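The values are calculated or read from the model by the stated rules, or taken from the named source; none is laboratory data. Just so it is clear, the model here is predicted, and its values are computed rather than measured. Cβ sites come from the backbone with ideal geometry, for glycine too, and all protein chains shown count toward neighbours. Ligands, DNA and RNA are stripped out before the accessible areas are found, and what is left, the full protein with its side chains, is counted by its heavy atoms. Shrake-Rupley method; radii C 1.70, N 1.55, O 1.52, S 1.80 Å.
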Amino acid sequence: IKAIVSADDDPTEPVMTFRFWLLATLLGIFSGSLGQLYTFKPQTVAVSSLMLAVFAYVGGMAFSKILPTGILNPGKFTKKELALIVIAAATAGNGVASTYIISAKDLYFNQKF
């Protein structure tokens, strides 16, 4: 990993940008919605972190070129933004586990939520 990822950190790189919040929200909604819709289906659809990373990279690069420079676009799209977007969106996609508890109460214990 040392040969691929740099150990140096630039603390001046912005991370909590408009691009981060917009892409993390949209990709979180996408992965959470797909996960929730296909929870009880025979064929499940899972959104992998790699797929989210590719979508986030393409969206981040597009936003860095399209958005005007300033508050909405602080500069080029960074690896830190990409990592944080993928972490946030993947976490949002894993929120389906609570559905199992609610459905088990309804199916097995006859307790309505």
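Things to note:
- Here the spin labels are modelled as points 7 Å beyond Cα on the Cα-Cβ line, and at S48 and A62 they lie 2.2 nm apart.
- Top of S64, S103, S49 by mean-square fluctuation, Gaussian network on the chain, Cα under 10 Å: S103
- The chain: DSSP helices with Cα axial extent of at least 18 Å and average Kyte-Doolittle hydropathy no lower than 0.5: 18-37, 49-66, 79-93
- L22-K2 pseudo-label distance in nm [points 7 Å out on the Cα-to-Cβ vector]: 4.0 nm
- Lysine pairs with alpha-carbon atoms under 19 Å apart, the chain, spacing 8 or more or separate chains: 6
- Neighbours of K65, meaning other residues whose beta-carbon lies under 14 angstrom from its beta-carbon, give a summed charge of +2 when Lys and Arg score +1 and Asp and Glu score -1.
- Computed over the chain, the P(r) tail beyond 25 angstrom holds 38 percent of alpha carbon pairs.
- Reciprocal mean inverse distance between Cα atoms of segment 6-49 - Kirkwood radius, Å: 13.0 Å
- Solvent accessible area, Å² - V54, 1.4 Å probe, full protein context: 80 Å²
- The gain in end-to-end length when the N94 to K79 segment is fully stretched comes to 3.1 nm, 0.36 nm per residue minus the alpha carbon separation.
- Exposed trypsin sites (Lys or Arg not before Pro) absent: longest stretch of the chain, with sites in DSSP loops and at most 14 other Cβ within 10 Å deemed exposed: 3-75
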